[in-house]
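Novice: Pasting a structure here, questions to come.
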Amino acid sequence: MKSTFLTVEAAGPVATITLTQPDVRNAFSDEVIADITRAFTWVGAQAQVRAVVLAAEGPAFCAGANLNWMRAMADYTREENLVDAGKLAEMLRVIYTCPKPTIARVQGDVYAGGMGLVACCDMAVAASHAGFCLSEVKIGLIPATISPYVIRAMGPRAAHRYFLTGERFDAAEALRTGFVHQVVEAEALDSAVDGLLKHLLSASPAAVQACKKLVLDVAGREVDEALIAETVAGIADIRASAEGKEGVQAFLNKRKPSWLGG
């Protein structure tokens, strides 16, 4: 797909979506939101793609809202704001529910709405110099649209602090709260992402997708009869699937499974 604001590379099993507006710190606008939504929808539908990396150019990963977009929003009616926020919410939903595993490659600062991009990815690796901030309260706003994903990522206790104070925190604190999974020096960022990709690509493609759906379906739910029945059906379905049978047979026969060329 063509875009002025990002690039999409999907030549093999890994697709990389890169935000390419370093001059505005890869900030959101209506057009950027639409293109990110289209990009994740497209890569999610590509059969050969088994993992997606979300990256960015320049010193910032994403600074939230573009200033020109904010100026336009300042004059919106409530109804116009509902439509506008709905587009951001749809972008976040598309990333979060992308059928492929997603990795945020965080090379720089992440502010406001950009925090939602990181939180919506299944995994996040950050450079040690990256800073993080939920800055909305500083300008009289709240991080409402991104909140379901950010709270899931960092937990309610950390959210109480950083939503309310708008403090900037470093990569070490992002790691401590669980907002990111790994922090490395900038020069080791690609190697760390490649390490995660190696694990993802060595696993059964169908099982990886099923595991992602499992987490989305189970997280936060009460353990009741309905949930137990769903999980029982889930393991029964995957055991009876072609890849499930192939994986077990490969393990028992001490050979590589078909998805690794066995």
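The values are calculated or read from the model by the stated rules, or taken from the named source; none is laboratory data. Just so we're clear, the structure is a prediction, and the values are computed from it rather than from any experiment. All Cβ positions, glycine included, derive from the backbone under ideal geometry; neighbour counts span all protein chains shown.
Novice: What do you reckon, is Val43 part of a helix (DSSP H, G or I), touching a residue at least 12 places away in the same chain (Cβ under 8 Å) and closer than 21 Å to Leu201 by Cα?
Specialist: Considered against the rule, which asks whether it is part of a helix (DSSP H, G or I), touching a residue at least 12 places away in the same chain (Cβ under 8 Å) and closer than 21 Å to Leu201 by Cα, Val43 comes out as yes.
Novice: Give me the pairs, please: first residue somewhere in the stretch 179-205 and outside any helix (DSSP H, G or I), second residue anywhere and exposed (fewer than 15 other Cβ atoms within 10 Å of the Cβ), beta-carbon distance under 7 Å, and either six or more positions apart or on two chains.
Specialist: Val183/Ser128; Val183/Ala172; Val184/Ser128; Glu185/Ser128
Novice: Filter the stretch 119-138 for residues that are buried (at least 24 other Cβ atoms within 10 Å of the Cβ) and in a strand (DSSP E or B) and give the result.
Specialist: Ala124, Val125, Ala126, Phe132
Novice: Turning to a different aspect of this structure: Testing Thr231 on (1) polar (S, T, N, Q); (2) closer than 24 Å to Arg152 by Cβ; (3) free of Cβ contacts under 8 Å to residues at least 12 places away in the same chain, one condition comes back false. Which one is that?
Specialist: Failing condition for Thr231: (3).
Novice: Counting only residues that are more than 25 Å from Gly131 (Cα to Cα) and without any contact (Cβ under 8 Å) to a residue 40 or more places away in the chain, how many does the stretch 47-70 have?
Specialist: Here the count works out to 2.
Novice: Further question: Among the residues of the stretch 221-251, which ones are exposed (fewer than 11 other Cβ atoms within 10 Å of the Cβ) and either in the same structural domain as Arg152 (by TED's automatic domain parsing) or part of a loop (DSSP other than H, G, I, E, B) (or both)?
Specialist: Hits for the stretch 221-251 are Arg221, Glu222, Val223, Asp224.
Novice: If we keep just the residues of the stretch 12-41 that are over 15 Å from the mean Cα position of the chain (by Cα) and under 18 Å from Pro101 (Cβ atoms), which is modelled with the highest pLDDT?
Specialist: The selected residue is Pro13.
Novice: Then there is this: Please count how many residues of the stretch 153-199 are more than 19 Å from the chain's Cα centre (by Cα) and among the basic types (Lys, Arg).
Specialist: Of the residues in the stretch 153-199, 3 are more than 19 Å from the chain's Cα centre (by Cα) and among the basic types (Lys, Arg).
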